[in-house]
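The values are calculated or read from the model by the stated rules, or taken from the named source; none is laboratory data. Source: prediction; values computed, not measured. Every residue, glycine as well, gets a Cβ built from its backbone with ideal geometry; the counts of neighbours run over all protein chains shown.
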Amino acid sequence: MSHHPFRVFTERDTSTADLEKMAALFAPEVVFHSPLLLMPVGGPVGGKAAVHRILAEAFSHTGLPQYTLELTNNQQTVFLWDGAVNGYLIQGVIVILEDAEGRIYDISSLMRPYPVLGLLWEAMREVVYSMMPKGYWESATLSVDALPFPKSSFIF
């Protein structure tokens, strides 16, 4: 069975992988929806480079994904994956949508459990702060930093 090119790419070291090959997978204004951010990454502002950077940063903390399931239906693919943050299991779902040319134009990520998602946010926070405006993680009424993520020592 052949695997989707996104899976093949992300099973390798995404921090040093060939960016031109990664760029070929994505439509110019690809967007990434993260459970850690209030707005999607990429699109007309940042595009492929921003999506690659945030994915590479996330996988640098979860480890390369260990895919447990891949389902494809026309121009939509769903992946289930396992990783670890600070030794704790994190499980995720990635849903990708492709255009008529087979380029990925939308990526959505879901992850669990919530306490380990908090550890991932702690690990990624400084990079996110450096690459995105404050509105990506904070609004007038909501801040990701104000969410009641359990502290590392109180997880289990």
### Task
Could you run through segment 40-65 and say how many residues are within 20 Å of Leu120 (Cβ to Cβ), among the small types (Gly, Ala, Ser) and surrounded by fewer than 18 Cβ atoms within 10 Å (Cβ to Cβ)?
2
#### Entry: When residues of segment 106-129 are limited to those that are among the hydroxyl-bearing types (Ser, Thr, Tyr) and not in a strand (DSSP E or B), the one nearest to Arg7 (Cα to Cα)
Tyr114
### Tally, over segment 39-89, of residues that are of a type in the set (Val, Ile, Thr) and within 23 Å of Glu138 (Cα to Cα)
4
### Summary
Of Met132, Met124, Met111, the only residue that is closer than 24 Å to Phe9 by Cβ, in contact with a strand residue (DSSP E or B) (Cβ under 6 Å, 6 or more places away or on another chain) and among the aliphatic types (A, V, I, L, M) is Met111
### Query
How many residues does segment 100-118 hold that are touching a His at 6+ places or on another chain (Cβ under 8 Å) and of a type in the set (A, V, I, L, M)?
1
### Task
Report yes if Ile155 is surrounded by 14 or more Cβ atoms within 10 Å (Cβ to Cβ) and modelled with pLDDT of 85 or more, otherwise no.
no
### Task
Take segment 23-64 and flag every residue that is under 17 Å from Thr10 (Cβ atoms), out of contact with any Phe, Trp or Tyr (no Cβ under 7 Å at 6 or more places or on another chain) and among the small types (Gly, Ala, Ser).
Ala23, Ala24, Ser34, Ala49, Ala50, Ala56, Ala58, Ser60, Gly63
